Structures are given as structure tokens and as C-alpha cells.
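What follows is a set of notes on a single structure, which appears directly below.
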Amino acid sequence: MEFAVSLVERMPSIMKKDQELLKDMLDLIFQLMIDIDADIEESWLRPPEGFSTEQDEEEDNVNFGKGCVDRLVSSIGDEIMMPLLGQLVTTTVQNDTDWRYKHAGIMAFSQVGEYIDSPEKIAAMIPIVEQHCEHPNPKIRFASLHCLGQVADDLSPEF
């Protein structure tokens with residue numbers, strides 16, 4: 001995946017012409033992001049006071065995937081990547097059988113704010129993320145709050 005994303009960064013004009021390949025790359029990135037343990041550790045279920053997420057091996061997949069999404073949007077541009085990413089995020093967030101899909105979709109969406117020049121471009125996604133702030137799964141709640149915080153920070157002061 002690192003090699004493929006590096007190629008996109010070096011030759012974005014060629015890759016812009018093949019949106020099917022970009023969609024396939026996003027699919028692979030999301031597959032990597034959901035490749036985390038389905039069981040939620042006790043520390044997430046009953047976090048101690050002052051809880052913080054220390055990066056563990058499992059989160060490396062999520063963070064790497066977020067970085068790949070960030071690099072693709074940066075290289076290709078939001079005009080091409082947002083529809084592709086939006087479709088994939090919408091599909092993953094609707095998955096009610098495996099929480100890891102929702103988590104991956106929301107975490108990936110958190111990466112787009114800095115590339116958007118107007119909150120209206122992502123206005124349709126905000127209620128979807130917002131509704132997951134009270135999800136029973138703590139990792140989905142975290143992803144939703146992280147996403148809203150990241151988007152608010154990136155689109156300040158308009159958002």
C-alpha cells in the first residue's frame with residue numbers, strides 16, 4: 001500500500017484518469033483499517049480517569065490507513081477523491097454487522113477537513129458522524145468525536 005500511495009503522490013496526473021484504480025486503492029486501505037481485533041479491550045469499556053488512547057499495535061493499521069487517505073486526497077484533490085471516499089464512508093458507516101467498518105469509515109472521513117474549502121462540501125456527512133457520538137461501542141464514539149474535532153479544527157472558524 002505504501003508503494004501504491006507513493007506512486008500516486010509522484011504521478012497524480014496519471015492516476016486522476018483512473019478513478020476505478022483509486023476506488024480499488026481506497027477499498028484496500030479500508031480493508032487494512034478494519035484488520036483490527038473485533039474484541040474491545042476492558043480499558044475501552046471502563047476507561048480510568050484521564051483516559052487517553054496510547055497507540056498500540058492494533059491502531060497502527062488505522063493510523064496508517066488514515067495517513068494513506070490523507071496522502072491520496074492531498075495528491076489527487078478533493079474534487080476527485082471526495083465522491084469516491086464519500087461513497088465508501090457511507091457504505092461502511094451503514095454496516096451494522098461489524099463495528100470495525102463504522103470505525104474505519106469515520107476515522108477515514110476525519111482526514112478530509114484540511115482539503116475542503118467550505119463546510120458545505122461535507123455537510124451531508126456531519127449528521128451521519130454526529131449520530132454515532134452516542135453509539136454503544138466506545139471505539140465508534142471515540143472515532144465520531146475525533147472526527148468532529150478534527151473537522152472543526154480544520155475548517156475553523158466556519159465550522
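Within the range 1-30, residues that are over 12 Å from Ile80 (Cα atoms) and in a helix (DSSP H, G or I) reach partners that are among the charged types (D, E, K, R) and modelled with pLDDT of 90 or more with beta carbons closer than 8 Å, at six or more positions or on different chains, in the pairs Val5/Arg71; Val8/Arg71; Glu9/Arg71. Looking only at residues in the range 94-119 that are more than 20 Å from Ile76 (Cβ to Cβ) and among the charged types (D, E, K, R), the one that is surrounded by the most Cβ atoms within 10 Å (Cβ to Cβ) is Lys102. Is there any pair with a first residue in the range 61-84 that is closer than 26 Å to Asp37 by Cα and surrounded by 18 or more Cβ atoms within 10 Å (Cβ to Cβ) and a second that is aromatic (Phe, Trp, Tyr) and modelled with pLDDT under 90 whose Cβ atoms are under 6 Å apart and which are 6 or more apart or on different chains, and what are they? Between residues of the range 61-84 that are closer than 26 Å to Asp37 by Cα and surrounded by 18 or more Cβ atoms within 10 Å (Cβ to Cβ) and residues that are aromatic (Phe, Trp, Tyr) and modelled with pLDDT under 90, there is no close pair. Residues that are closer than 27 Å to Met25 by Cβ, outside any helix (DSSP H, G or I) and of a type in the set (Gly, Ala, Ser) within the range 113-159 comprise Ser118, Ala123, Ala124, listed in sequence order. Filter the range 87-112 for residues that are part of a helix (DSSP H, G or I), in contact with a Phe, Trp or Tyr (Cβ under 8 Å, 6 or more places away or on another chain) and not hydroxyl-bearing (Ser, Thr, Tyr) and give the result. Of everything in the range 87-112, those that are part of a helix (DSSP H, G or I), in contact with a Phe, Trp or Tyr (Cβ under 8 Å, 6 or more places away or on another chain) and not hydroxyl-bearing (Ser, Thr, Tyr) turn out to be Leu88, Val89, Val93, Ala104, Gly105, Ala108.
The values are calculated or read from the model by the stated rules, or taken from the named source; none is laboratory data. Small disclaimer: the values here were computed from a predicted structure and weren't measured. So basically every Cβ, Gly included, is an ideal-geometry build from the backbone, and we count neighbours across all protein chains shown.
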